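**Q** The structure under discussion is supplied below as structure tokens; questions concerning it will follow.
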Ligand code: SF4
Ligand code: SF4
């Protein structure tokens with residue numbers, strides 16, 4: 001199962017190569033879905049496709065290095081029965097999670113979703129729904 005982990009860095013921690021150290025120590029491949037850094041610190045949203053025990057080990061290593069870790073328990077659902085393939089959501093999606101196949105059918109790759117929620121209100125038939133669990 002792909003798990004999504006949000007890392008919160010304080011200003012002091014940003015300067016340290018924590019992400020590369022955890023990658024080296026665990027051997028895991030992280031997919032960075034989103035990263036933002038500012039005057040007060042930064043955050044990185046990671047997607048990790050690995051057995052639970054290995055993900056837990058990575059979480060522990062981030063915490064030990066002073067990074068706050070929060071698991072994102074959200075899901076976005078595309079109701080293909082309601083969708084009319086109007087494409088209104090496509091240009092809004094910053095991560096490419098919403099895309100068109102060769103027949104112009106709109107599909108969702110949830111592993112790429114960064115849960116920005118921009119698509120949900122844009123859909124004229126309410127085919128997109130965000131749930132939290
Ligand atoms: S919430 Fe919608 S617009 Fe945002 S990344 Fe996910 S699918 Fe794309
Ligand atoms: S906006 Fe709604 S109806 Fe239009 S393509 Fe996206 S999901 Fe389908």
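Nothing in this text is a laboratory measurement; each read-out follows from the coordinates by a stated rule. Not measured: the values here are computed from a predicted model. Cβ: placed from backbone, ideal geometry, glycine included. Neighbour counts: every protein chain shown.
**Q** If a/c stays under 1.5 just call it rounded; otherwise compare a/b with b/c (prolate if a/b is bigger, oblate if not). Do that for region 2-71, with a ≥ b ≥ c from the square roots of the Cα gyration tensor eigenvalues.
**A** Note, shape of region 2-71 comes out prolate.
**Q** Given N residues in the chain, what is its alpha carbon radius of gyration divided by 2.2 N^0.38 Å?
**A** That ratio works out to 1.20.
**Q** Hey, another quick one. With springs only between Cα atoms under 10 Å, which of 122, 97, 53 fluctuates most in a Gaussian network model of the chain?
**A** 53
**Q** Please report 34, 9, 115, 99 as a ranked list, fewest other C-beta atoms within 10 angstrom at the top and most at the bottom.
**A** Least crowded to most crowded, the residues run 99, 34, 115, 9.
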